1. Among the residues of the range A:409-429, count how many are open to solvent by less than 10 Å² (accessible area, probe 1.4 Å) and not hydroxyl-bearing (Ser, Thr, Tyr).
2. Evaluate the following for A:SER77: is it more than 39 Å from the chain's Cα centre (by Cα) and crowded, with 19+ Cβ neighbours inside 10 Å?
3. In the range B:115-128, which residue that is outside any loop (DSSP other than H, G, I, E, B) and within 6 Å of the ligand (Cβ to nearest atom) is surrounded by the fewest Cβ atoms within 10 Å (Cβ to Cβ)?
4. Please verify whether the range A:227-242 includes one or more residues that are within 14 Å of chain B (Cβ to nearest Cβ), under 27 Å from A:HIS319 (Cα atoms) and hydroxyl-bearing (Ser, Thr, Tyr).
5. Within the range B:134-147, identify whether any single residue is under 30 Å from A:ARG315 (Cα atoms), within 13 Å of the ligand (Cβ to nearest atom) and of a type in the set (Asp, Glu), and answer yes or no.
6. Kindly provide the set of residues from the range A:275-292 that are more than 10 Å from chain B (Cβ to nearest Cβ) and open to solvent by 60 Å² or more (accessible area, probe 1.4 Å), ordered by number.
7. Any idea which of A:LEU171, A:LEU199 is among the hydrophobic types (A, V, I, L, M, F, W, C) and free of Cβ contacts under 8 Å to residues at least 24 places away in the same chain?
8. If the Cβ limit is 9 Å and pairs must be 6+ apart or interchain, which residue in the range B:88-101 that is touching a residue at least 60 places away in the same chain (Cβ under 8 Å) and farther than 22 Å from A:PHE306 by Cβ pairs with which residue that is more than 6 Å from the ligand (Cβ to nearest atom) and part of a helix (DSSP H, G or I)?
Amino acid sequence: MKSTELNAKQNNEFKSLMRLLEAKDYKKGLKNSEKLLEQVPDNQEVVSLKAIFMYYTEEREAGLALAYQAVLKNLASDFCWHIYGLIQKAEKNYIQAVKCFIQAINKGEENLQLIRDTANLSIHIRDFEGNNWLRQKLLNSKPGMVVNWVGFILSQHLIGNYAGAFNTIKLTEDVIKKDIQNPIKKVEINEFKLYQIQLAIDAKDFQRAKQNLLDFKNDITDLVSFYELEYEYFIKIGDNTSAIQSVKHLLDLQPQNWKYYQMLQKADPQVDLSIYNNTLVQGRLLAQKEGDSFLNSFLQFIDPFFQKSLPSLFREIKHLYTDPNKIEIMKKAFETYLDKSQIEKLWALMLLSQHSYQIKDYNQSLELINEAIEHTATLPELYLIKAKTLKKLQKFKEAYESADRARQLDLADRYLNNQTIKYASLANMIVVSQDLLSLFLKDGSDPYELQMIWFELNIGRTLLRLNYLGPALQQFNLIFKHFQEMCDDQLEFYQYSIRRYTLRSLLQMIDAIDKRHDAKYFIQSAGLMIEGLERLRVRIQEQRKIEQKKLTPKEKKLLAKQQQKEQEEKLLKEQFSIEGHIFSRDIQKRFDLSGEQLLDQLKTQEDIIKMQNRFAQVLIHTNFNNKEVNFQAFKQMVGLYINQQKPLLCAKLLTKLRNNETEQNRIVNHKYQLMLIQFLNKYQGTLLPYIKEYQQDLIQFDQQFWNDVQIKTQLDQIIKRHCEAIIKEKPFEENLESEDLQFLQEYPQAKVEYMNLKQTTHPFYKYDPNIEWQNHQIKEYQEKQQTQPL
Amino acid sequence: MVSIRRAEMQDLQHMQHCNLWCLPENYTYKYYLYHGMVWQSLLYVAEDINSGRIVGYVLAKQDEEDEEGTKLEHGHITSLSVLRTHRKLGLANKVMQSTHRDMDKIFESHYVSLHVRVSNRAALGLYRDKLGYETFDTEEKYYADDENAYNMRKWFRKKPEKQ
Ligand SMILES: CC(C)(COP(=O)(O)OP(=O)(O)OC[C@H]1O[C@@H](n2cnc3c(N)ncnc32)[C@H](O)[C@@H]1OP(=O)(O)O)[C@@H](O)C(=O)NCCC(=O)NCCS
């Protein structure tokens, strides 16, 4: 870095300023830069320096503004751009930072460190073209360095220039050979070769992939990766016979990897997995058996658990509960252990309780687990099962107490401690939750630094339930911060892994981080955040209304109530900041646990909606494999998008809701779908042309849906399904919830459907299907038993 | 049903979660990422395939120098745990054996080392009796709560003479 227009003495002064910047001595730097500016007030490069010193001495905003000014006044100066870029980077405004650095580089900055940093930043913002250009620049200036070659290969790969990448690899191999001073290590060769195979497969250059697999085999020590790639290659070229061989090698290496069995089945659909005699496969195969053969295999499967690891058993067989035929058989199997030894009786009681829980007979489950506890009072697992059941029975306080009993039986176990925290927060016991957590925290540490998302989510949910909006929203906000941290954590590793040839891991990281929001915790907290914000918005809206008009006595009363609520919230804030509480004042302030700073940004309804939209935007693109979790979050967006009159997003949301319909959420789900359809009805005809331009997944959206007739039948169908659901769940009209009745009144069509359904001969609303098929099962099973020859 | 497989980058946040439910020694995500970026082949997880949850993991790395400062490539177990709900199914044993194999075959490690609380019966049973680790040293007050640690090693190659 250099500056023109300065005399020799001033130039020295300038250089010493640079040293101060490097040494992070910002205070002195600020003073000295101001002195120098007295002599050269118009030198924008010195102004830039002053700006960055200001930025780091708690004049953040002013420093940022001044650096920008300097750039504007001297657009030709690479130095000014560079400094402005550094400030943007410190702001984590990476896109802006890259723009600035590229300006600096274009204007002649030749600092290799800067070019390398910019290249890494450009991967970070996923500007792969820019990265390619910068890596080329690095390579041109230092072609002797292997790392510059490897970085260039990766950059070509990322823009899909495979031919270029293969070519560069060839040249790189030569450079590696010549670099005698830093000989490549065996592990690095292993990694580099594996990468080349993957690259060839990604490029669909199968000839090359084949050659690589043959040529590199002896250099590769990571056989797991090797055979996985080989399998992928064989499958891609359709050579299943060879693919089977690859997967057999993999099974020798990792016989417990279920994915390999699936790969085997893919390559050989006829394969008989039963020859693999391990608990994983045998357990999986149970699902395919029926009747006596199932009973025998089942007994054989569970028996070893009785000797050793019974508390883990139920999870291993839970998946069998999707098959009604198996449930009674399993129950019978458990019962056979009731009259064996004392310990087996205990296990049997425990299993039967879990069994009842699974078929949703919670009272029975409770009875059985109590019996088990009477039998043996010292087994923590029993109390956890009891807590789980009590939760279903909505007895949250008792559930907490039961979990706490478990905890006290093994105080060193963190799992039991965490479970107790979960139940405590379910019972709205916030302080107890924090105290329990502190038992496993080192002095001075806190859950926020350690990114304990599960804890934040639980506490946030509780606070929201109690309507303490500020503290609640801040817990979710902290969760999003962690997701942002995860993303920023990548920055250090781009160059690192290029240097170590771990390019395969690097590519995987990029992919994983890009998909980081497809995680249960993110989806849950984003949904709750939108909900909490909505409550805050309504609260503000109501306040405005009250401020604007004279109050009737009733409204005055309401206001008083509201104020009381706020008083309580204040109290809670204080509770969050009791001196000597596990979270010190410093921690409370640093993480804004009372949510004050957050609420400061949310003063108007517009602010709130803006923030809701920010989360909704991310949420609507997530893809997670649990429908219930998805639905709970997506439903929060319905009101938001309808209020904002956003038909395209509503249409997209509708698809999302339809895709995430489950037995459990059906009724509520239909209500939300109805709201969306009603809204969308206004837009028929005008919408279709736009949809074509909209995103890919919307184009796939059932286009038929948009013609009038279709909309009508859609609506009818949903009403019908909705009525069915209501009737199924609530047999008598007088038992309907008020909102269901309201629904029937609001939709005349629904009423007709409802009556029709009631009168049909199909008596599905009269019996509990669960019990019906169970009885049927028992009968069938008994009949079979009798007809079996002895 | 639990599947044992090498970790993918997507698993890292779930490994962190599992760790938070099992041990008082916790790390931020970045530390997991660091292991993943350099020694991905040493990271193994136990995944409950019914729920898709990560119920156990081993986080491991390589070192080129041993404690005496001599050059001796070896592996190190940074963290190992299995959720209480899935214990005694042999999962810890299996993830450990997988990472051992890769330390030996891929990195040509001479040995693997780890620290364990002197009171941790389950872990000691696993390391000493099942996996063949030996106590190399006891480190006083190694843990934040002042408990001592055994520094244990298991050799893949011949021990150098002076040991
Ligand atoms: C230690 C831990 C990882 C063991 O996990 P696991 O999957 O249950 O262990 P495995 O089923 O593979 O057990 C293997 C061997 O360990 C020993 N072992 C495991 N649990 C034991 C216990 N509770 N008591 C005594 N020995 C035990 C046994 O020798 C067992 O062999 P066996 O099954 O043939 O008897 C697990 O208990 C755990 O996560 N604990 C908390 C975290 C922790 O302490 N980590 C280690 C930090 S260094």
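The values are calculated or read from the model by the stated rules, or taken from the named source; none is laboratory data. Because the structure is predicted, anything quoted here is derived from the model rather than measured. Positions of Cβ are backbone-derived with ideal geometry, glycine not excepted, and every protein chain shown enters the neighbour counts. Side chains are part of the model used for accessible areas, which takes the heavy atoms of the whole protein and leaves out ligands, DNA and RNA. Shrake-Rupley method; radii C 1.70, N 1.55, O 1.52, S 1.80 Å.
1. 6
2. For A:SER77, the condition - more than 39 Å from the chain's Cα centre (by Cα) and crowded, with 19+ Cβ neighbours inside 10 Å - is met.
3. B:ARG121
4. Looking for residues that are within 14 Å of chain B (Cβ to nearest Cβ), under 27 Å from A:HIS319 (Cα atoms) and hydroxyl-bearing (Ser, Thr, Tyr), one finds none in the range A:227-242, hence no.
5. no
6. A:ILE275, A:ASN277, A:GLN288, A:LYS289, A:GLU290, A:ASP292
7. A:LEU171
8. Pairs that qualify, where the first residue is touching a residue at least 60 places away in the same chain (Cβ under 8 Å) and farther than 22 Å from A:PHE306 by Cβ and the partner is more than 6 Å from the ligand (Cβ to nearest atom) and part of a helix (DSSP H, G or I), are B:SER98/A:VAL224; B:SER98/A:LEU253; B:SER98/B:LEU42.
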